[in-house]
Amino acid sequence: MQLASLETFVVGNPPPGFGGRYFIFVKLVTECGIAGYGEIYNASFGPAAVTRMAEDFFVRYLEGSDPFAIEVFFRKAHGSGFSQRPDPTVMGVTSGLEMAMWDIVGKALDKPVHALLGGKVHERLRSYTYLYPEGDEDHAAFYADPDLSAERAAAYVEQGFTAVKFDPAGPYSVFGGHQPALDDIERSVRFCARIREAVGNRADLLFGTHGQFTPSGARRLAKRLEPYDPLWFEEPVPPDMPEHMAGVASATSIPVATGERLCTKWEFARVLQSGAASILQMNLGRVGGILEAKKIAGMAEACHAQIAPHLYCGPIVAAANIQLSACTPNFLILESIRRFDGFHASLLKKPIHWEGGYVVVPDAPGLGVELDEEVARAHPWTGSALHLEMTQTPVDPVRDARFPPAS
């Protein structure tokens, strides 16, 4: 069996756009007609450039090769062009192609991927969601209002969720990290207080940040959040120096979670060795693929750390997250986008089975899902913005009116 062709799909994510502006899917097909799907989570370049990178890697390393040779492909990609170091763009492309190879392998053997990685440990997987605006709600107003978020959290708990995530801590900039403004701290406290009051102890609070702060600033904020007992404090400082994130982790009782912007076992090893986090949030469309994520989960298990796979992209990464989580003893919780509903569900021939706060692990071969190519082709991405973007100017609390004016 040999890999014969590659097709790519760049799919625009229509409003409300939860999960990013677009998704990049790949389809590998063997000469005997077995098709496998993957997803690239790569936001550093526009999708046209990323699909060209995927085509280059296919011709260079995969065309005519055995889809079972997953470790060989990873090593060739990791060392491509005499690089041999973590690179989010290379690993994003690698992840999508590797994911499709696993889908083919599972289908060829008539087994789900989790059965090939040690077997199912969990029959169902606890999940969480961000707090999202609904219907015609103004997005900016919703994300700034702790009472609306508390109301939405209570509604999600009624649906079955036992954890909700929110990020009220202010802007994140390419010039970060910065000290939190007093207004950022007070707003964050209000969100935690209102949401805790609304859900009581029926749900965990997951306090999200996006690397906004300096280590000392993160410690200031964490101290104020501790009375509300969040399950985690997510990526409190930029991801490039885990040694400094470790200073935050050692100063707070809130577990630190990180990993959505990291790739390969080598970057996650630094996180574990430095004590920067006890919850690892690898994104399977960026980290280097399913096998690389399984290795990271094993490293974490030896350090008594847990995994909580990240998802702010499309449903094929979601399916890969499910396969990994199902066979991982130290799995904690799975990120979902609401109940895997809306446009995410329409992209799959059979939606992910979500029930009462949990994902039911599929036993279908491969990744357990099939991309609906007609829907994917009907929603091409035509914009020029990147999947996600940060504020392009420094955070200035005076200019940005984060202090009240003098009377």
Could you work out how far the C-alpha centroid of region 364-383 sits from that of region 228-269, in angstrom?
-> 33 Å
Stick to the Cα atoms of region 266-316, pair each with every other, and give me the Kirkwood hydrodynamic radius in Å at one decimal.
-> 11.1 Å
Sorted by packing (mean other beta-carbon atoms within 10 Å per residue), highest first, where do 29-41, 285-297, 93-105 land?
-> 93-105, 285-297, 29-41
Considering amide H positions built from the backbone, and no H for Pro or chain starts, which residues 5 or more places from Y22, or on another chain, come under 5 Å of its amide H?
-> N13
Could you state the angle between the C-alpha long axis of helix 47-57 and the longest principal axis of the C-alpha atoms of the chain, as a value from 0 to 90 degrees rounded to the nearest 10?
-> 40 degrees
How far is helix 290-302 tilted off the main Cα axis of the chain, in degrees rounded to 10, range 0 to 90?
-> 50 degrees
Whole-Hz Karplus ³J(HN,Hα) for region 146-152, in order, using 6.51 cos²θ - 1.76 cosθ + 1.60 and θ = phi - 60°, x for Gly and Pro?
-> x, 5, 5, 5, 5, 4, 5
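So what's region 95-138 giving for Rg/Rh, alpha carbon basis, Kirkwood Rh from the mean inverse pair distance?
Details: Rg = 16.9 Å, Rh = 13.6 Å.
Radius of gyration relative to Kirkwood radius: 1.24.
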For the chain, the percent of accessible surface on carbon and sulfur atoms (probe 1.4 angstrom, ligands and nucleic acids excluded) is 53 percent
Virtual spin-label span in nm between F45 and F82, 7 Å along Cα→Cβ = 2.0 nm
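Relative contact order for the chain: what percent, with Cα pairs under 8 Å and sequence separation of 6 or more?
Details: 881 pairs, mean separation 90.9, N = 407.
Across the chain, relative contact order equals 22 percent.
Sort largest first and round to whole Å: the equivalent ellipsoid semi-axes of region 1-108, each the square root of five times a Cα gyration tensor eigenvalue. Write out the running numbers ahead of the final one.
Working: eigenvalues 100, 64, 23 Å².
Taking √(5λ) for each eigenvalue gives 22, 18, 11 Å, largest first.
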For the chain, the charge dipole (Cβ of Lys, Arg +1; Cβ of Asp, Glu -1; about the Cα centre) points to a positive end, and the Cα of T382, G46, A293 closest to that extreme belongs to A293
Rounded tilt (10° steps) of 88-109 against the dominant C-alpha axis of the chain | 50 degrees
Taking H as built 1.01 Å from N, whose amide H comes closer than 5 Å to the amide H of A257, not counting residues under 5 places away?
-> F233, E234, E235
Where the centroid of each part is defined by its Cα atoms, how far is region 10-54 from region 66-120 in Å?
-> 16 Å
Which of G368, G46, G170 fluctuates most in a GNM of the chain (C-alpha springs under 10 Å)? That residue is G46
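The values are calculated or read from the model by the stated rules, or taken from the named source; none is laboratory data. What you are looking at is a predicted structure, and each value in this text was computed from that prediction instead of being measured. Don't worry about glycine lacking a Cβ; one is built from the backbone with ideal geometry, like all the others, and counts go over all protein chains shown. SASA here: full protein model, heavy atoms, side chains in, ligands and nucleic acids out. Shrake-Rupley method; radii C 1.70, N 1.55, O 1.52, S 1.80 Å.
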